[in-house]
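**Q** One structure, as structure tokens, below. Some questions next.
The values are calculated or read from the model by the stated rules, or taken from the named source; none is laboratory data. Because the structure is predicted, anything quoted here is derived from the model rather than measured. Methodologically, a virtual Cβ is constructed for each residue, glycine included, from the backbone with ideal geometry; neighbour enumeration extends over all protein chains shown.
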Amino acid sequence: MRVVSRVAGTMLLASGLLGIAALGTAGGYGVGLLTSADAQTSGSPAPIGSTTPTPTEPVKTGLPDNTPALDKGDLRYKTRSFVADWAVRSNVTVKVPSNWWMTQPDPKKEARFTDPTGKRFVRIEAGFTITRPPTASLEAKIQALRGVPPSQALKILSRDVADDGRTATLVYTYIPQESVRHVVVRWVALDDSGNCAVEISAGGLPQDEQAVRDVLEHATDTVTRTDQAT
């Protein structure tokens, strides 16, 4: 199967963001940045005095990061390729800034391209089965984010779905360490099924908002996914 991209480019949650985890392997289930602690039970009775409440981690307020804003006019793009190997094996091509370096996790379900400062990135996920529309992936992400702790001050800025339903986009900020990060996540359909074929996330500092959006749009307009026959 060969699929080629052709798509047109607040609420405050009392929740936070701890890391990157996948919900599953179908239809864009890799909803990007989210996690929640697993509840644990024990067969032994709790010791006396164990009912003392666990201290709540305070909500971060965010320290300013005075790094100059990334200028989208300075970005130069080139086509990069990688293999996403998860539920299926997907060959992916996409245009990203030419001087951003690529890394892949294990398993290689995505590729992440990071700028020289380490403060901006774009991540493309594939390798999942194509079974649900972009809007379903967006809703799953939002529901998952409601279950994470509040310390990272996640704030959803916008969520929207294209008129044709082929893209769904979520914009939010959060505080992973000291400074606020601005993130845009988009789920993209690439074939006639209208189901999500890739998930694209782009992020940076709040002052990078326009450049982050430019990176996202370039990736959306150029991404292709070709799955290898098994």
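**Q** Within the group R186, R159, which residue is in a strand (DSSP E or B) and farther than 29 Å from R76 by Cβ?
**A** R159
**Q** Another question, if that's okay. May I ask you to verify whether S201 is hydroxyl-bearing (S, T, Y) and either over 27 Å from S90 (Cβ atoms) or part of a strand (DSSP E or B) (or both)?
**A** It is true that S201 is hydroxyl-bearing (S, T, Y) and either over 27 Å from S90 (Cβ atoms) or part of a strand (DSSP E or B) (or both).
**Q** Also: Quick check on A136: is it at pLDDT 95 or above, touching a Cys at 6+ places or on another chain (Cβ under 8 Å), among the small types (G, A, S) and surrounded by fewer than 23 Cβ atoms within 10 Å (Cβ to Cβ)?
**A** yes
**Q** Give all pairs with beta carbons closer than 8 Å in which a residue from the stretch 46-66 that is closer than 9 Å to V180 by Cα meets a residue that is at pLDDT 50 or above and among the basic types (K, R); count only pairs at least 6 apart in sequence or on separate chains.
**A** Close Cβ pairs (under 8 Å, with a partner that is at pLDDT 50 or above and among the basic types (K, R)) amount to D65/K119.
**Q** From the list A111, A84, A153, which one is over 16 Å from the mean Cα position of the chain (by Cα) and either buried (at least 18 other Cβ atoms within 10 Å of the Cβ) or not in a loop (DSSP other than H, G, I, E, B) (or both)?
**A** Result: A153 is the single residue among A111, A84, A153 that is over 16 Å from the mean Cα position of the chain (by Cα) and either buried (at least 18 other Cβ atoms within 10 Å of the Cβ) or not in a loop (DSSP other than H, G, I, E, B) (or both).
**Q** Might you check whether a residue that is on the phi > 0 side of the Ramachandran plot and at pLDDT below 95 occurs anywhere in the stretch 151-165?
**A** Among the residues of the stretch 151-165, at least one is on the phi > 0 side of the Ramachandran plot and at pLDDT below 95, which makes the answer yes.
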